[in-house]
Amino acid sequence: MKHIVVFTGAGISAESGLGTFRDSGGLWDNYRIEDVATPEAFKRDPSLVLDFYNIRRKQLLESDPNNAHISLNKLCEKFKLSIITQNVDDLHERSGSVDVLHLHGHLRQARSIMDNKIYSIKGSDLNIGDLCPNGFQLRPNIVWFGEDVPNMDIAIEKVMQADIFIIIGTSLNVYPAASLINYASRAERIILVDPEPLSYPNIEIISEKANKAVPELVEELLVL
Ligand code: OAD
């Protein structure tokens with residue numbers, strides 16, 4: 001069985017109603033990274049940071065997977081499928097995907113500032129005074145700028161095994177995640193789905209939105 005590895009970014013969830021980061025009007029137009037997405041920001045103003053992620057979590061709870069998330073699962077009829085996502089939403093899992101690796105953490109998880117143990121967040125909000133069982137403040141389980149990406153080595157291993165590598169909806173701006181493309185040395189095809197794609201040598205580009213393009217690509221791969 002051939003192995004398809006899919007690497008996703010915010011663009012795959014855009015048509016589920018979750019904003020991207022760097023498109024015009026995206027999250028980073030309205031917030032400064034250094035105010036809401038760094039460990040220093042959390043030390044300086046934890047309420048502001050918690051509120052930022054509480055808003056994201058609320059939106060996520062009101063969103064559903066779209067055809068791009070859902071159709072990827074059909075690939076399991078013929079291929080081994082692994083998904084690596086930079087997204088902190090759970091739309092891949094809610095669409096039925098099983099092998100999903102999160103590089104940048106998970107919105108619906110909290111982490112103790114004391115020992116990094118992970119807890120699930122029941123509702124939408126994580127607040128000051130929400131403590132781990134040992135009495136330490138919980139923070140969102142998000143990989144902030146300047147922090148290590150603990151799942152990066154596992155992701156590299158997966159990409160190195162890919163027979164087909166599909167990239168969907170990412171500006172490939174954030175490292176080390178963006179460097180994954182360099183590890184797809186075994187892949188017979190590398191395909192990028194993005195309405196505003198960067199151009200790379202030896203990559204097939206589908207310059208369309210994911211909700212339309214991904215189901216079509218899946219059908220094409222299944223009949224080959
Ligand atoms: P970006 O916002 O940087 O890029 C989103 C990409 O999605 C762009 O290339 C868009 O052209 C594309 N796009 C927009 N709508 C689309 C659609 N309907 N279908 C397909 N593609 C579409 O988001 P990421 O590349 O995911 O990290 O950002 C990477 C990381 O930067 C995030 O994980 C986050 C952010 O800061 C952290 O917060 C740690």
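The values are calculated or read from the model by the stated rules, or taken from the named source; none is laboratory data. All of these numbers come straight from a predicted model, not from anything done at the bench. For neighbour counting, all protein chains shown are included, and Cβ atoms are generated from backbone atoms with ideal geometry for every residue, glycine included. For accessibility, only protein heavy atoms count, side chains too; no ligands or nucleic acids. Shrake-Rupley method; radii C 1.70, N 1.55, O 1.52, S 1.80 Å.
Scanning the range 80-106 for residues that are touching a Leu at 6+ places or on another chain (Cβ under 9 Å) and among the acidic types (Asp, Glu) gives Asp89, Asp90, Asp99.
Residues in the range 111-129 that are of a type in the set (S, T, N, Q) and surrounded by 12 or more Cβ atoms within 10 Å (Cβ to Cβ): Ser112, Ser124, Asn127. Pairing each residue of the range 22-36 that is without any contact (Cβ under 8 Å) to a residue 24 or more places away in the chain and open to solvent by less than 60 Å² (accessible area, probe 1.4 Å) with any residue that is more than 10 Å from the ligand (Cβ to nearest atom) and not in a helix (DSSP H, G or I), provided the two are 6+ apart or on different chains, yields C-beta distances under 8 Å for Asp35/Asp45. A single entry from Ser24, Ser47, Ser97 fulfils the requirement of being away from the ligand (no atom under 13 Å from the Cβ) and assigned by TED's automatic domain parsing to the domain that holds Ile121: Ser47.
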